[in-house]
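Notes to accompany the following structure.
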Amino acid sequence: MPGRRFSALALRGASFAVLLGASTLPSCAEPPNLIVILTDDQGYADVGFNGCQDIPTPNIDRIASEGVRCTNGYVTHSVCGPSRAALITGRYQCRFGASRNPTIDPSIPNNGVPKDQKNIAELLAPRGYRSMAVGKWHLGTHPDLRPLVRGFDEFFGFLSGGHEYFPHKLTLRDLSEVDKPWAWYRTKLLRNETPVETTDYLTDELTNAAVEFVDRHHEQPFFLYLAYNAPHTPLQATEKYLSRFEGIQDGERRTYAAMVSAVDDGVGRLLEKLTEHELDERTLVFFLSDNGGASNNASSNAPLRGHKSSPFEGGVRVPFAVRWTGTLPAGVDYEPAVSSLDIAATIVTHAEASVPTDRGLDGVDLVPYLSGANRDAPHPALYWRWYDKHRLAARIGEQKLIFLPDDDALASDGPRLLYDLSRDVAESTNLVETRPAQADAMRQAVMEWNQELVPPVSPRLGSWKPVSK
Ligand code: CA
């Protein structure tokens, strides 16, 4: 197999050596807490730990500098809903039909993550975890699919895929008042199942809820799923954050920067709260974006090609860092490919939680890999499918294959695109003619994986119609 460059634990700090011998078994007598901080449409280049120059993110950067920066961190789809469905279940979303952004129609069963799939909160509940979802849900609006019936003890946020940020714009009581597409951005926030009046900028409201949850439940194992919708459109920020970026001339980029900065403040408050309760060594913290930066929010995925919705790296490779103080090394870069699928596998391993044998996880426990105990690559292959566009992709080693239907607009260079990411991270040179055997083998592999998948269970987002009254 060419391209096996699975070297690459690059040491940026001094604590790595002492951790090489760390046990790969659960290291805490108490099961660890899990915090997943998920941003929305944030660009690969738009965090300090990936070199961002114009938007300081010192708090987000702490997760990388006090933990591990994963330079090849992937999500399983390049738009929100399918990516989140995989993250929250630890399974490729196309195995259970969550292959599209779900519509926001609460009357459609299985319009999200179907009930027969277990999410992280449901897997952890038997182990005594308290779980809260904060922010963007986007995993189903049907009453059977909402957070409180899907393993979460608490919810604060909104059920749809995007939202207005200013409280005065939240003029609809709930989804039943939505009378036209995208009006769901204006529903009031939910505290559990109840619409509530809010007064702060949305990102700050979400941070408040997350910090309060840790205050309430720091004495028991917890799972906090903090899904900021920033910096997804609409581009909206308060003067508090905008004033930090007067040097950015482009108005959209300035607002985007302010939105990222608000998230960074929130991450800082959350990390401080963990330290206050002496939870740093008992808490596994992941930071990532749900997909690459979008073409409409002034984000940057440089040097990657493409953006949100694309099969190129800019769609699926995201800012990704993980911290577990005392268990993972600090200040280390990890280069082999990792996935959002690994979050569930990591926590269930260290929580010693059970997984249904007929619905196994697609990820792996990252701890032995990130700690250096296991020098193999975590994933022999990673795969992607865009059902409606008939696109497939695979990454095997450093090779990336994108398999396109003949009528795909991206197929001007041919129906198969093969890149060597070790030399061409920008996916500029199609090697399918020069490495035909490699391309054929990868096509075979991704087609075999495709055979394991099912069709979508959700109608397309664009099919939404107002409920007749
Ligand atoms: Ca997104």
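The values are calculated or read from the model by the stated rules, or taken from the named source; none is laboratory data. Bear in mind that the values here come from a model prediction, so they are computed numbers and not experimental data. Using ideal geometry, Cβ is built from the backbone for each residue, glycine included, and neighbour counts are taken over all protein chains shown.
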Tell me whether region 97-109 contains one or more residues that are β-branched (Val, Ile, Thr), away from the ligand (no atom under 16 Å from the Cβ) and over 22 Å from residue 230 (Cα atoms). yes
Filtered residues of region 28-70 (kept if in contact with a Ser or Thr (Cβ under 6 Å, 6 or more places away or on another chain) and assigned to a helix (DSSP H, G or I)): 48
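Within region 370-469, considering only strands (runs of 3 or more DSSP E) that don't extend past its boundaries, which have at least 1 residues that are crowded, with 21+ Cβ neighbours inside 10 Å, under 24 Å from the mean Cα position of the chain (by Cα) and in contact (Cβ under 8 Å) with a residue 40 or more places away in the chain? Let's see the steps before the verdict.
Values: elements: 381-386, 391-396, 399-403, 416-420.
Output list reads 381-386, 391-396, 399-403.
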Might you check whether a residue that is under 26 Å from residue 30 (Cα atoms), in contact with a Gly (Cβ under 8 Å, 6 or more places away or on another chain) and either loosely packed, with under 15 Cβ neighbours inside 10 Å or acidic (Asp, Glu) (or both) occurs anywhere in region 204-227? yes
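Out of all the residues in region 331-344, is one or more more than 21 Å from residue 380 (Cβ to Cβ), in contact with a Phe, Trp or Tyr (Cβ under 9 Å, 6 or more places away or on another chain) and at pLDDT 95 or above? Give the steps one after another, and end with the answer.
Let us first name the residues in region 331-344 that are more than 21 Å from residue 380 (Cβ to Cβ), namely 331-333.
If we keep only those that are in contact with a Phe, Trp or Tyr (Cβ under 9 Å, 6 or more places away or on another chain) too, we end up with 331-332.
Pick out the ones that are also at pLDDT 95 or above and you get 331-332.
Looking through region 331-344, at least one residue is more than 21 Å from residue 380 (Cβ to Cβ), in contact with a Phe, Trp or Tyr (Cβ under 9 Å, 6 or more places away or on another chain) and at pLDDT 95 or above.
For residue 237, are the conditions met, namely being more than 16 Å from the ligand (Cβ to nearest atom), touching a residue at least 60 places away in the same chain (Cβ under 8 Å), more than 30 Å from residue 328 (Cβ to Cβ) and in a loop (DSSP other than H, G, I, E, B)? Give the steps one after another, and end with the answer.
Details: more than 16 Å from the ligand (Cβ to nearest atom): yes; touching a residue at least 60 places away in the same chain (Cβ under 8 Å): yes; more than 30 Å from residue 328 (Cβ to Cβ): yes; in a loop (DSSP other than H, G, I, E, B): yes.
Answer is yes for this residue.
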Looking at region 253-281, which of the residues that are farther than 17 Å from residue 228 by Cβ and touching a Gly at 6+ places or on another chain (Cβ under 9 Å) is farthest from the ligand (Cβ to nearest atom)? 281
Failed item, numbered, when residue 331 is tested on (1) surrounded by fewer than 19 Cβ atoms within 10 Å (Cβ to Cβ); (2) out of contact with any helix residue (DSSP H, G or I) (no Cβ under 8 Å at 6 or more places or on another chain); (3) not charged (D, E, K, R): (2)
When region 124-138 is checked residue by residue, the ones that are in contact with a Gly (Cβ under 8 Å, 6 or more places away or on another chain) and either crowded, with 20+ Cβ neighbours inside 10 Å or under 18 Å from residue 86 (Cβ atoms) (or both) are 124, 131, 133, 134, 135, 136, 137, 138
If I filter region 329-338 for residues that are under 20 Å from residue 91 (Cβ atoms) and in contact (Cβ under 8 Å) with a residue 40 or more places away in the chain, do I get at least one hit? yes
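For every residue, the table says whether it meets (1) of a type in the set (Asp, Glu); (2) away from the ligand (no atom under 16 Å from the Cβ); (3) within 27 Å of residue 417 (Cβ to Cβ).
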position	(1), (2), (3)
295	no, no, yes
306	no, no, yes
311	no, no, yes
323	no, yes, no
329	no, yes, no
335	yes, yes, yes
Examine region 400-410 for a residue that is small (Gly, Ala, Ser) and within 18 Å of residue 449 (Cα to Cα), and state whether such a residue exists. no
All positions within region 217-236 that are of a type outside the set (S, T, N, Q), in contact with a Phe, Trp or Tyr (Cβ under 9 Å, 6 or more places away or on another chain) and farther than 15 Å from residue 147 by Cβ: 221, 230, 231, 234, 235
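Out of all the residues in region 392-411, which are at pLDDT below 95 and either among the hydroxyl-bearing types (Ser, Thr, Tyr) or more than 14 Å from residue 313 (Cβ to Cβ) (or both)?
Of all residues in region 392-411, those at pLDDT below 95 come to 403-411.
Listed by number, the residues that qualify are 403, 404, 405, 406, 407, 408, 409, 411.
Please go through region 174-194 and give me each residue that is of a type in the set (Ser, Thr, Tyr), surrounded by fewer than 14 Cβ atoms within 10 Å (Cβ to Cβ) and either under 16 Å from residue 157 (Cα atoms) or free of Cβ contacts under 8 Å to residues at least 40 places away in the same chain (or both), ordered by number. Explain how you work it out, then say what you get.
Step one: of region 174-194, the residues of a type in the set (Ser, Thr, Tyr) are 176, 185, 187, 194.
Of the ones still in play, those that are also surrounded by fewer than 14 Cβ atoms within 10 Å (Cβ to Cβ) are 176, 194.
Listed by number, the list holds a single entry, 194.
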What are the residues in region 33-62 that are farther than 23 Å from residue 206 by Cβ and more than 18 Å from the chain's Cα centre (by Cα), if any? 51, 53, 54
Out of everything in region 63-86 that is farther than 14 Å from residue 114 by Cα, within 16 Å of the ligand (Cβ to nearest atom) and not hydroxyl-bearing (Ser, Thr, Tyr), what residue ends up being nearest to the chain's Cα centre (by Cα)? 75
Per the filter on region 228-264, residues surrounded by fewer than 23 Cβ atoms within 10 Å (Cβ to Cβ) and among the small types (Gly, Ala, Ser) are 243, 247, 251
Taking residue 86 as the residue in question, decide whether it is farther than 25 Å from residue 165 by Cα, surrounded by 24 or more Cβ atoms within 10 Å (Cβ to Cβ), among the hydrophobic types (A, V, I, L, M, F, W, C) and in contact with a helix residue (DSSP H, G or I) (Cβ under 9 Å, 6 or more places away or on another chain). yes
If we take region 79-198, then strands (runs of 3 or more DSSP E) inside it with 1 or more residues that are under 30 Å from residue 379 (Cα atoms) are 130-136
